[in-house]
């Protein structure tokens, strides 16, 4: 059963990163069952640090210690239609249609032969409560692999606002920020974690600031692989609500190779492997 959330913009914060903002090709769906993973000596956890990572052409980033992430966590976009999900993420995060996101429909993407990009049309919803018709509000041109977004006619469309990381949609993303103190994290999620007796120690903003990656001091119920499906979903529901319906990932400092990805729109989650970290030579 899907969860219902208030659609609003995301919290924009400043900080320092360790990881790459560029999205990669979508991964195939993974079941809710935990994968059989174990720490590898050849792929240790990435070190924490306060310096910004340097973005690399072709994906990944060079970290302050010279190491490289070669398999970034990315955006966790819908593998069926990542361009459509990319647009959804943008219009929600930037409040492009104010608080009336439920009164527009983000269409399926189609390939635009002229630009060789994915075209995504946004129309008004004919729902009675919205008091709108079916007029086209925007036509977005999306390059998911290149992490770029434009519109078909800049003169006819409203200007594109910056992403939560303050980067322009048609330019390179800002380095991923990192908050290393829970006291500095100004989010309603902090209260939920407190009630669940869980301790976040680092928060990173992937996906141009739209996809939070939260590292806990350690796994414990209700968010742990042995907590059970029902308890995990019950625990994720208020976290999704506090994060304004946006998906996020949770990891543990004690087990850096495993992540729990919460898909708030679908009301589901999955266990996933962490990015591969290559230490400096």
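Scanning segment 145-183 for residues that are touching a helix residue (DSSP H, G or I) at 6+ places or on another chain (Cβ under 8 Å) and under 18 Å from residue 82 (Cα atoms) gives 147, 149, 163, 169, 173.
Pull out all pairs, ordered by first then second residue, where Cβ-Cβ is under 6 Å, the residues are six or more apart or on different chains, the first lies in segment 222-251 and is in contact (Cβ under 8 Å) with a residue 40 or more places away in the chain, and the second is crowded, with 18+ Cβ neighbours inside 10 Å and part of a helix (DSSP H, G or I). Note: pairs meeting the criteria are 238/192; 239/189; 239/192; 242/189; 242/192; 243/189.
In the set 212, 198, which member is within 18 Å of residue 272 (Cα to Cα) and in contact with a strand residue (DSSP E or B) (Cβ under 7 Å, 6 or more places away or on another chain)? Step by step, each of 212, 198 is checked, and only 212 is within 18 Å of residue 272 (Cα to Cα) and in contact with a strand residue (DSSP E or B) (Cβ under 7 Å, 6 or more places away or on another chain). Within segment 89-114, residues that are under 16 Å from residue 143 (Cα atoms) sit with their Cβ atoms under 6 Å from residues that are in a helix (DSSP H, G or I) and modelled with pLDDT of 90 or more, at 6+ positions apart or across chains, in these pairs: 108/84; 109/83; 109/84. Exactly one residue out of 220, 261 is out of contact with any helix residue (DSSP H, G or I) (no Cβ under 8 Å at 6 or more places or on another chain) and either buried (at least 19 other Cβ atoms within 10 Å of the Cβ) or within 23 Å of residue 80 (Cβ to Cβ) (or both), and it is 261. Against the definition (in contact (Cβ under 8 Å) with a residue 40 or more places away in the chain, closer than 24 Å to residue 144 by Cβ and within 19 Å of the chain's Cα centre (by Cα)), how does residue 258 come out, yes or no? It is false that residue 258 is in contact (Cβ under 8 Å) with a residue 40 or more places away in the chain, closer than 24 Å to residue 144 by Cβ and within 19 Å of the chain's Cα centre (by Cα). Among residues of segment 90-118 being under 21 Å from the mean Cα position of the chain (by Cα) and part of a strand (DSSP E or B), the one that is surrounded by the fewest Cβ atoms within 10 Å (Cβ to Cβ) is 105.
Somewhere in segment 172-182, is a residue surrounded by fewer than 22 Cβ atoms within 10 Å (Cβ to Cβ), in contact (Cβ under 8 Å) with a residue 12 or more places away in the chain and in a helix (DSSP H, G or I)? Yes, some residue in segment 172-182 is surrounded by fewer than 22 Cβ atoms within 10 Å (Cβ to Cβ), in contact (Cβ under 8 Å) with a residue 12 or more places away in the chain and in a helix (DSSP H, G or I).
Answer yes if at least one residue in segment 127-144 is in a loop (DSSP other than H, G, I, E, B), at pLDDT 90 or above, under 18 Å from residue 207 (Cα atoms) and touching a helix residue (DSSP H, G or I) at 6+ places or on another chain (Cβ under 9 Å), and no otherwise. There is at least one residue in segment 127-144 that is in a loop (DSSP other than H, G, I, E, B), at pLDDT 90 or above, under 18 Å from residue 207 (Cα atoms) and touching a helix residue (DSSP H, G or I) at 6+ places or on another chain (Cβ under 9 Å). Scanning segment 188-222 for residues that are over 20 Å from residue 90 (Cβ atoms), within 19 Å of the chain's Cα centre (by Cα) and part of a loop (DSSP other than H, G, I, E, B) turns up just one, 188.
The values are calculated or read from the model by the stated rules, or taken from the named source; none is laboratory data. Remember, it's a predicted structure, so these values are computed and weren't measured experimentally. FYI the Cβ positions are ideal-geometry reconstructions off the backbone, even for glycines, and counts take in every protein chain you see.
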